[in-house]
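J.: Provided herewith is a single structure, encoded as structure tokens, for subsequent inquiry.
The values are calculated or read from the model by the stated rules, or taken from the named source; none is laboratory data. Keep in mind the model is a prediction, meaning the values are calculated, not measured. Positions of Cβ are backbone-derived with ideal geometry, glycine not excepted, and every protein chain shown enters the neighbour counts. For accessibility, only protein heavy atoms count, side chains too; no ligands or nucleic acids. Shrake-Rupley method; radii C 1.70, N 1.55, O 1.52, S 1.80 Å.
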Amino acid sequence: MKIVMVDDSAEDRALCRILLEGVYGAGLQFFEAPDGATGIRTCREIVPDCVLLDYNLPDMTGLEFLAQLRLETPLYATFAVVMLTALSSDQIALEAMRSGAQDYLLKSRISGPALRMAIQKATQKVDLIRELKEEHARLARSLREKEVLIKEVHHHVKNNLQVIASLLRLQEEAATDETARSVLRECQHRVEAMAMIHDQLYESGDLREVNLAQQANLLMTNLFHSFGVDPARISGQVVVCPKPAGGPLALGVDQAIPAGLILNEVISNALKHAFPNGRTGSIRVEAEVRDGQVTLAVTDDGIGLPADLSNRARNSLGLQIVEILARQLHGYTNLTTGSGTIFRLSFPEIQEHATRELV
């Protein structure tokens, strides 16, 4: 056991040496320093297991010693400190602990067992702190490795989905029946919508959330390109309000995929049916969070909904998919028409809360 005692009293240093020799015997290495500067130099050179530190030193206080020791000794955190003082004060004890000492001992109560107990408690605290830091570092390394692995998973999933989308595109080009071509094109768009989310997660620093504005913009751009839309005839716009507490509106992965697929179905439907015969117009996507609910709206100024929508809905795979995905989000949808069509989707901002409500 290497112990440095920093104290200007030679009698106190001699007493502690004798008491500690009785405790540790030949295993004790005892070093003495009569002032703070000598004590810091000694600690830097031998890196002790424990420092017995007088609160009042001739050149500095024990608190100033600890502050300087922390700056000048890189291995400061590896050894324990027991503050010694002739003053019985809770305030001094608190200041000593805050400054980095692990224990506090009155000189009037110094004995072999008391010193042994104080040193043991102090060194155990240091060992525990060191173990906690090592465990924290290990967990941080493990987390970084898992994040890299998850990013690679998203990258491979995106690549595989893009391969599937390419196969569907080739199959569409080879098909001669227009109905089959339309079905294959819709499947391709759905796969591409999922691939975009995984691509965002791969490129993002946050593997848990997807920026809704970015997702909607990418999706709309892709659909406009796929449908060959002339921007001069049909324009697209995305307006996503930030969260009330600040920051962009983002969705968890479990929410982003169904929400993205719903957007894909609704925007695709508007592009196919809202602007026939070269009609001009616009499609606008809006989103906001209010009172814990995310509201997602897709508005177009096209020809509106057909009168027999309820009958068509029963036979429309796209509308059935929208309803299934809305239930997956624990939300609900609403369609209104007039001079155009407005589709609204509302669902809880925090998916976990909705899940607990259903259990």
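J.: Please go through region 17-33 and pick out each residue that is over 21 Å from G100 (Cα atoms), assigned to a strand (DSSP E or B) and of a type in the set (D, E).
T.: Taking region 17-33 and keeping what is over 21 Å from G100 (Cα atoms), we get 17-30.
With the extra rule that they be assigned to a strand (DSSP E or B), the set shrinks to 29-30.
The answer is none; no residue qualifies.
J.: Between a residue in region 1-12 that is under 16 Å from G62 (Cα atoms) and any residue that is in a helix (DSSP H, G or I) and aromatic (F, W, Y), which pairs come within a Cβ distance under 7 Å, given they are 6 or more apart or on different chains?
T.: Close Cβ pairs (under 7 Å, with a partner that is in a helix (DSSP H, G or I) and aromatic (F, W, Y)) amount to V6/F65.
J.: Exactly one of these conditions fails for A14: (1) open to solvent by less than 30 Å² (accessible area, probe 1.4 Å); (2) modelled with pLDDT of 90 or more; (3) part of a helix (DSSP H, G or I). Give me its number.
T.: With respect to (1) open to solvent by less than 30 Å² (accessible area, probe 1.4 Å); (2) modelled with pLDDT of 90 or more; (3) part of a helix (DSSP H, G or I), A14 is out only on (1).
J.: Sticking with this structure for a sec: If you check every pair at least six apart or on different chains, which have Cβ atoms under 9 Å apart with a residue in region 17-36 that is more than 18 Å from L84 (Cβ to Cβ) first and a residue that is part of a loop (DSSP other than H, G, I, E, B) second?
T.: Partner pairs satisfying both residue conditions: G27/M1; Q29/M1; Q29/P48; Q29/D49.
J.: Identify all residues within region 142-158 that are closer than 9 Å to D199 by Cβ and either of a type in the set (A, V, I, L, M) or surrounded by fewer than 16 Cβ atoms within 10 Å (Cβ to Cβ) (or both); write none if there are none.
T.: Applying the first criterion (closer than 9 Å to D199 by Cβ) to region 142-158 yields 154-155, 158.
Within region 142-158, just H155 meets the criteria.
J.: Let me ask you something else. Among A174, A165, A180, which is more than 19 Å from the chain's Cα centre (by Cα), modelled with pLDDT of 85 or more, aliphatic (A, V, I, L, M) and within 25 Å of Q200 (Cα to Cα)?
T.: Working: A174 fails: within 25 Å of Q200 (Cα to Cα); A180 fails: within 25 Å of Q200 (Cα to Cα).
Being more than 19 Å from the chain's Cα centre (by Cα), modelled with pLDDT of 85 or more, aliphatic (A, V, I, L, M) and within 25 Å of Q200 (Cα to Cα) holds for just one of A174, A165, A180, which is A165.
J.: Further, regarding this structure: Out of the residues in region 72-103 meeting the condition of being open to solvent by 40 Å² or more (accessible area, probe 1.4 Å) and within 21 Å of F31 (Cβ to Cβ), tell me which one is modelled with the highest pLDDT. Step through it out loud before you land on a result.
T.: Filtering region 72-103 down to residues open to solvent by 40 Å² or more (accessible area, probe 1.4 Å) leaves 72, 74-75, 77-78, 86-88, 90-91, 94-95, 97-98.
With within 21 Å of F31 (Cβ to Cβ) added as a condition, the list becomes 72, 74-75, 77-78.
Working: E72: 70, P74: 65, L75: 64, A77: 67, T78: 73.
Ranking the qualifying residues of region 72-103, first place goes to T78.
J.: Still on this structure: Quick one: in region 24-60, which of the residues that are of a type in the set (V, I, T) and either buried (at least 16 other Cβ atoms within 10 Å of the Cβ) or in contact with a Ser or Thr (Cβ under 8 Å, 6 or more places away or on another chain) (or both) is modelled with the lowest pLDDT?
T.: If we filter region 24-60 for residues that are of a type in the set (V, I, T), which is where we start, we get 38, 40, 42, 46-47, 51.
Next cut, either buried (at least 16 other Cβ atoms within 10 Å of the Cβ) or in contact with a Ser or Thr (Cβ under 8 Å, 6 or more places away or on another chain) (or both) only: 38, 40, 42, 47, 51.
Values: T38: 94, I40: 90, T42: 91, V47: 86, V51: 92.
Top of the filtered list is V47.
J.: Only strands (runs of 3 or more DSSP E) wholly contained in region 34-139 count here; list those with 1 or more residues that are under 25 Å from A10 (Cα atoms), in contact with a Phe, Trp or Tyr (Cβ under 6 Å, 6 or more places away or on another chain) and small (G, A, S). First the steps, then the outcome.
T.: On the way: elements: 50-54, 80-85, 103-106.
Of the strands (runs of 3 or more DSSP E) lying wholly inside region 34-139, none has at least 1 residues that are under 25 Å from A10 (Cα atoms), in contact with a Phe, Trp or Tyr (Cβ under 6 Å, 6 or more places away or on another chain) and small (G, A, S).
J.: I need a count of the residues in region 1-11 that are open to solvent by 30 Å² or more (accessible area, probe 1.4 Å) and in contact with a helix residue (DSSP H, G or I) (Cβ under 8 Å, 6 or more places away or on another chain).
T.: So the count comes out to 2.
J.: Okay, moving on. Quick check, is A174 touching a residue at least 40 places away in the same chain (Cβ under 8 Å), more than 16 Å from K272 (Cβ to Cβ) and of a type in the set (G, A, S)? Walk me through it before giving the result.
T.: On the way: touching a residue at least 40 places away in the same chain (Cβ under 8 Å): no; more than 16 Å from K272 (Cβ to Cβ): yes; of a type in the set (G, A, S): yes.
It is false that A174 is touching a residue at least 40 places away in the same chain (Cβ under 8 Å), more than 16 Å from K272 (Cβ to Cβ) and of a type in the set (G, A, S).
J.: Mind listing whichever residues of region 251-289 are over 18 Å from Q237 (Cα atoms) and either of a type in the set (F, W, Y) or assigned to a strand (DSSP E or B) (or both)?
T.: L251, G252, V289 - these are the residues of region 251-289 that are over 18 Å from Q237 (Cα atoms) and either of a type in the set (F, W, Y) or assigned to a strand (DSSP E or B) (or both).
J.: Right, here's the next one. From the list L319, L296, L345, L325, which one is in a helix (DSSP H, G or I), open to solvent by less than 40 Å² (accessible area, probe 1.4 Å) and modelled with pLDDT of 70 or more? Explain how you work it out, then say what you get.
T.: On the way: L319 fails: open to solvent by less than 40 Å² (accessible area, probe 1.4 Å); L296 fails: in a helix (DSSP H, G or I); L345 fails: in a helix (DSSP H, G or I).
One residue alone meets the criteria, L325.
J.: So, one more: Just wondering, is there one or more residues in region 216-237 that are closer than 18 Å to I350 by Cα and buried (at least 22 other Cβ atoms within 10 Å of the Cβ)? Walk me through how you get there before you give the answer.
T.: Kept after step one, since they are closer than 18 Å to I350 by Cα, are these residues of region 216-237: none.
Looking for residues that are closer than 18 Å to I350 by Cα and buried (at least 22 other Cβ atoms within 10 Å of the Cβ), one finds none in region 216-237, hence no.
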